[in-house]
Amino acid sequence: MSQIKSAPVEHGFGVTDEVVARLEATPDPRLREIMQAAVRHLHAFATEVRLTDEEWFAGIMFLTATGQMCDDVRQEFILLSDTLGLSTLVDAMNHSHVEDLATDSTILGPFYVPESPWREFGESMVEFDCGGEPSILRGRVLDQQGAPIAGAVLDAWQNAANRFYAVQQPDVQPPTNLRGRYRTDADGRYEIRAVRPTDYPIPSDGPVGKLIKETGRHEWRAAHMHLKVSADGYEPLTTHVFDSGSAFLDSDTVFGVKRSLVGDFAMDSEGLRVCEFDFVLARQETSDA
């Protein structure tokens, strides 16, 4: 049986063109574009740093360990993407078309869990007492003209005062602690009772944490609450509300802070920390049939 052989590659250099040429047969044009660009940039990286055999293998082992660290409640590859700024870059590229009046988006993070319990207006998400300072996040969900959006859904989640999310401590915290889905009322208002956000370190027991240490960076995230805000006819929003009292607003380890998302958790007359924050959703673009 005869075999078709490609031209030999001189000393390994020139292999980039050979790989890109073979990928030209990829039927899906978008996959072809992505794979060819990935090969060109990956090969250019290896050439620029003159990657050694040992460094190449260390990279393989790092990616292997990253995959082995992933499970149903922990996504180490998302954590890697976050700490390299890739998640923030992708978010910026894909949501820069939203008009300035809409609330800024930011990264999802590695600890989002779908199907949080539905909670009533003003109901607490706290199911585990770890000494957190009681707080309220409240405000309105509006369209870009300032009109309230009734029935909008706010899917909220945050870490406890002990600096862990519920999914990180299945034997300590109830699985739905500090998680909940809320709906806005007829005036577009929402109210979420929780604990004041605290700064916390990203998980440091895996390959990403080791890489952070070896590159001389700290592992701390600025204090925040996560929210996914959605309503029929509007672009879904994934965002945070950051606490203005955080020590890491200017050095958040995953590059997620946007100044427009910083709110004040101020003490009210009843001794509660309250943050007033409105979310503005952009209408979904419609195409003429």
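The values are calculated or read from the model by the stated rules, or taken from the named source; none is laboratory data. Note that this is a predicted model, so its numbers are computed, not measured. In this analysis, Cβ positions are derived from the backbone assuming ideal geometry, glycine residues included, and neighbour counts consider all displayed protein chains.
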Exercise. Taking the range 268-288 on its own, how many of its residues are within 15 Å of Leu101 (Cβ to Cβ) and among the β-branched types (Val, Ile, Thr)?
Worked result: 1
Exercise. What pairs come up if the first residue lies in the range 5-33 and is of a type in the set (Lys, Arg), the second is assigned to a helix (DSSP H, G or I) and at pLDDT 85 or above, and their beta carbons are under 9 Å apart, counting only those six or more places apart or on different chains?
Worked result: Arg32/Leu23; Arg32/Glu24; Arg32/Ala25
For this session: Quick one: which residue in Arg181, Arg140, Arg163 is closer than 20 Å to His240 by Cβ, charged (D, E, K, R) and part of a loop (DSSP other than H, G, I, E, B)?
Result: Arg163
Exercise. What do you reckon, is Glu120 part of a loop (DSSP other than H, G, I, E, B), touching a Phe, Trp or Tyr at 6+ places or on another chain (Cβ under 9 Å) and of a type in the set (Asp, Glu)?
Worked result: yes
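Here's the yes/no breakdown for (1) part of a helix (DSSP H, G or I); (2) touching a residue at least 24 places away in the same chain (Cβ under 8 Å); (3) not polar (S, T, N, Q):
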residue	(1), (2), (3)
Gln36	yes, no, no
Val39	yes, no, yes
Asp72	no, no, yes
Thr103	no, yes, no
Phe111	no, yes, yes
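Here is a yes/no grid of residues against (1) surrounded by fewer than 17 Cβ atoms within 10 Å (Cβ to Cβ); (2) assigned by TED's automatic domain parsing to the domain that holds Asp104; (3) within 27 Å of Glu127 (Cβ to Cβ); (4) out of contact with any His (no Cβ under 7 Å at 6 or more places or on another chain):
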{"residue": "Ala186", "(1), (2), (3), (4)": "yes, yes, no, yes"}
{"residue": "Tyr200", "(1), (2), (3), (4)": "no, yes, yes, yes"}
{"residue": "Lys210", "(1), (2), (3), (4)": "yes, yes, no, yes"}
{"residue": "Gly216", "(1), (2), (3), (4)": "yes, yes, no, yes"}
{"residue": "Thr238", "(1), (2), (3), (4)": "no, yes, yes, yes"}
{"residue": "Phe242", "(1), (2), (3), (4)": "no, yes, yes, no"}
Exercise. If you check Leu227 against the conditions, is it assigned to a strand (DSSP E or B), under 20 Å from the mean Cα position of the chain (by Cα) and surrounded by 15 or more Cβ atoms within 10 Å (Cβ to Cβ)?
Worked result: yes
For this session: Identify the single condition in (1) modelled with pLDDT under 95; (2) aromatic (Phe, Trp, Tyr); (3) over 23 Å from the mean Cα position of the chain (by Cα) that Phe111 does not satisfy, given that it satisfies every other one.
Result: (3)
Exercise. Does the range 237-262 hold any residues that are without any contact (Cβ under 8 Å) to a residue 24 or more places away in the chain and in contact with a Ser or Thr (Cβ under 8 Å, 6 or more places away or on another chain), and which are they?
Worked result: Val262
For this session: Quick one: count up the residues across the range 242-289 that are in a helix (DSSP H, G or I) and of a type in the set (A, V, I, L, M).
Result: 1
Exercise. Which of the following residues is hydrophobic (A, V, I, L, M, F, W, C), in the same structural domain as Arg221 (by TED's automatic domain parsing), exposed (fewer than 15 other Cβ atoms within 10 Å of the Cβ) and closer than 20 Å to Gly263 by Cα: Leu142, Leu101?
Worked result: Leu101
